[in-house]
1. Place a point 7 Å from Cα of residue 116 in the direction of its Cβ. Which residues in the stretch 290-311 have their backbone N less than 12 Å from it?
2. Given the pairs 56/247; 272/302; 110/181; 209/247; 58/179; 56/272, which span a C-alpha to C-alpha distance of over 26 angstrom in this model?
3. To the nearest µm²/s, what D does Stokes-Einstein give for the stretch 5-308 at 25 °C and 0.890 mPa s, using the Kirkwood radius over alpha carbon pairs as Rh?
4. To make sure I understand, if each residue's beta carbon is the centre and we count other beta carbons within 10 Å, what order do 30, 273, 156 fall in, fewest to most?
5. Listing 79, 62 from the residue with the fewest other Cβ atoms within 10 Å to the one with the most, what is the order?
6. What ranking do 251-260, 231-240 get when scored by the average of other Cβ atoms within 10 Å per residue, highest first?
7. What does DSSP give for the chain in terms of the percent of beta bridges that are antiparallel, rounded to the nearest 5?
8. Could you run the Karplus curve 6.51 cos²θ - 1.76 cosθ + 1.60 with θ = phi - 60° over the stretch 246-262 and give me ³J(HN,Hα) per residue in whole Hz, x for Gly and Pro?
Amino acid sequence: MCVSLKKRRAFDVLGAILLVGSLFFGFTSEVVSQVPGVNHVVIIGCDGLSPDGVQKAKTPNMDTLMQRGAYTLHARGVMPTSSSPNWASMLMGAGPEQHGVTSNAWRPDKFELTPTAVGSGGIFPTIFSVLREQQPSAVIACFHDWSGFGILFEREVPDVIEDTDGPVNTTERAVAYFKAKQPNFTFIHLDHIDHAGHASGHGTPEYYKSVEEADRLIGETIQGLKAAGMLAQTILIITSDHGGVGKGHGGATTAEVEIPWIIAGPGVAPAKELTSFVNTYDTAATVAHIFGLTAPDCWIAKPVLEAFGPP
C-alpha cells in the first residue's frame, strides 16, 4: 500500500488530533490489535546471532521465551547474507529483489536495483510507515547500535530514533523510553555479537560470551517492560539478520543464512517449535498481523500464523 502524499497528510492531521486528545485527557496511546490483550510489540534484533549461538551459549532468557512462546532455529535470512539486505527485508516484508537493498553500500539515493514500489517515505514501505499510516496515534521507537540500521526506514516516522553507542546503552535507552512513553512498537538493534564474530570467529568462546551478553540484555529489557507496566500486554520477538562462518558472513551456506526466530507474549502458543518455514521478511507481516494492519501489495511476506495456533 503505497500511500499518496495527500492521503499521508490526512493521516498526519488525524494523528496530531489523536495525540492532542491523548495529552488533554491524560491517557496513553492505545492501538487496535487483533491479538487480544496486546498493546505493544518489541523486536530485539541481535546482529550476527546464529542458531548455534542460542544452542551452545548459556541463554536462560531466550530459553524461557522459547518455553513461553513459539520458535524456530531454522528461520532463514535472504541473500546476500549481509546486514543491510537482511535488516531491510525484516522491516520491508520483502527481499532484495523487491526492495532493492542489495548490500551495505545501499543508500536511499544511491542504489543499483530500483525497488518495485516506493512508499510515502520515498523508499520501499516498511512496517514503521505501515503502522503509522493505518494507526496514526501509535507510539513508535527505534534504538540501534549500528549506524547503518538507521538508513533502512523512513526517518520521519518513529517518534524517537536513537543511534546509541554499544549494546548496554541501547538497552538502557529503550528501557527508559518504556517507562516514559510506553511505546506501541519498538525495535532494538544490538550489534556486539557481529563484532565478536568478526574479531574472534563464530563458534569461539568469545562469540558465545557475546551471545550470553545479548541474553542478559534481553533479560534487562524484559525487566524494563515489567517495571513500565507493559509486559503483560507485550509480544516480544527475538531474531537476527544472519549467522556466520569463521570470521565472516555474506556467503551461501546454511551457517550464514539460518537465524533464530522466537516470539512470546499474549496469544502466542507456548513451547511450540514451529514446523512451517519462516523467512526474515515474515517478521514484518507478523507485526502487521498482530496490529491488524493491511499489508502493502508490494510485500511478499506472510505472517507466522502457526505461532498463534494451539500448542
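1. 297-301
2. Details: 56/247 18 Å; 272/302 19 Å; 110/181 35 Å; 209/247 15 Å; 58/179 29 Å; 56/272 20 Å.
Beyond 26 Å: 110/181; 58/179.
3. 129 µm²/s
4. 273, 156, 30
5. Listing 79, 62 from fewest to most nearby Cβ atoms yields 79, 62.
6. Details: 251-260: 18.4, 231-240: 22.7.
The peptides rank, most packed first, as 231-240, 251-260.
7. On the way: 11 of 35 bridges.
Of those bridges, close to 30 percent are antiparallel.
8. Here the 3J(HN,Hα) series is x, 9, x, 7, x, x, 10, 10, 4, 4, 8, 8, 7, 9, x, 9, 10 Hz.
Every number in this text was worked out from the coordinates using simple rules, so none of it is lab data. If you're wondering where the values come from, they're calculated on a predicted model, not measured in any experiment. Every residue, glycine as well, gets a Cβ built from its backbone with ideal geometry; the counts of neighbours run over all protein chains shown.
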